[in-house]
Each structure stands twice: as C-alpha cells, then as structure tokens.
1. So in region 1-31, with the set limited to residues that are small (Gly, Ala, Ser) and either more than 17 Å from Leu74 (Cα to Cα) or not assigned by TED's automatic domain parsing to the domain that holds Leu50 (or both), which one is surrounded by the most Cβ atoms within 10 Å (Cβ to Cβ)?
2. Please enumerate the residues belonging to region 35-73 that are β-branched (Val, Ile, Thr) and part of a strand (DSSP E or B).
3. Return the residue satisfying two criteria in turn: it lies in region 81-112 and is within 29 Å of Leu61 (Cα to Cα) and surrounded by 10 or more Cβ atoms within 10 Å (Cβ to Cβ), and of such residues it is modelled with the lowest pLDDT.
4. Among the numbered criteria (1) farther than 23 Å from Phe19 by Cβ; (2) at pLDDT 85 or above, which single criterion is violated by Ile76?
Amino acid sequence: MKIKLDNYTFNPAAKTVTFTDYASLDLSDVILITNVTDGTIIFNFASPNLVGSVAANVLTLNYNTSTMSSTDKLAIYLDDSYTPSSDEALVLLRRMVKLMEPLATQDSAQRQRVTIDAGTLPAVTTVTTVTNVTGLGGVDARFHYTDQARNAYANGIRANITNS
C-alpha cells in the first residue's frame, strides 16, 4: 500500500529530495515522484531512467531537474512499510501508555478513590418527640421526616465529594 508524503525539501539544482519525516529511507520504499507544477514524472521505480540513489533521508535523482524550481509542488508516494527508529517507537509507546492511564486515581485493587471534603453540610434537625403526626398519603408521617433527614445528609455529602 502506498502513502502520499507532504513533508520534503526539493533542491532541483542538486537533483535531491530530502524526506524530512524520515531519518533514513531505502530506495525500494520510493514508488513515484511527480512534479505536479510541471506535470513531469521525475522518479518511477519501474523505469530505469527515472530512478536514483538514497543516502540517509536524501534521494538523489537521475532525472535532470535543473530547469525546475525549488517551490514546485511534488507528489511523492512511498511504500508504507516504514519502520520507525527505536527512539520514535519509544515515544509512540509512551504516548499510548499515557492515553491508556485512567483519568482518576485508583487504588491497588483498581477501585476509584473518592475524597470527601469537610465543607459546609446542611443542618439536620434532630427530632426527639413527635406528637400529633398524621399520615401523609397513607404513609406514616414519621417516615417523611426520616426521608428528609436522609436526603439532606446525602445531598450534603454528595456536594462535597471530589475525585482525586
């Protein structure tokens, strides 16, 4: 499969194309280079007259490019079997590991750590004696007070929970 390369430096006087994304390149990785501005093929792996030689990341062309300009747009196609250097691979692996890290702190059992700040909690009134309480909707009114106290306590704690 081929890929289109957009990062390069073209020096027509020296007949060279420098591949800025690569530290080194094999000649067999280069498939086709066309000067789009002039409409001219300047490298074709299948044509003996349109090849060249590679040293590190610089391709020296056999084609005479002296009449072209360094600002001419080139369409460069490479074989995508490129293997990054060990440093590039290490950087890529570190990025992948960083992306896989959880966003929140976990303990050794992979459980979410939750911290509750001791902020202001709503006051809960203690009811010691309830008299003349009638049922609300068929439910004993004492349960109503219990539910109000439970909700006030729960909402007070929930408002002060922070993930760390």
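1. The extreme case among them is Ser24.
2. Thr40, Ile41, Ile42, Val54, Val58, Thr60
3. My answer is Tyr82.
4. (1)
The values are calculated or read from the model by the stated rules, or taken from the named source; none is laboratory data. What you see is a predicted model; the values in this text were computed from it and never measured. In this analysis, Cβ positions are derived from the backbone assuming ideal geometry, glycine residues included, and neighbour counts consider all displayed protein chains.
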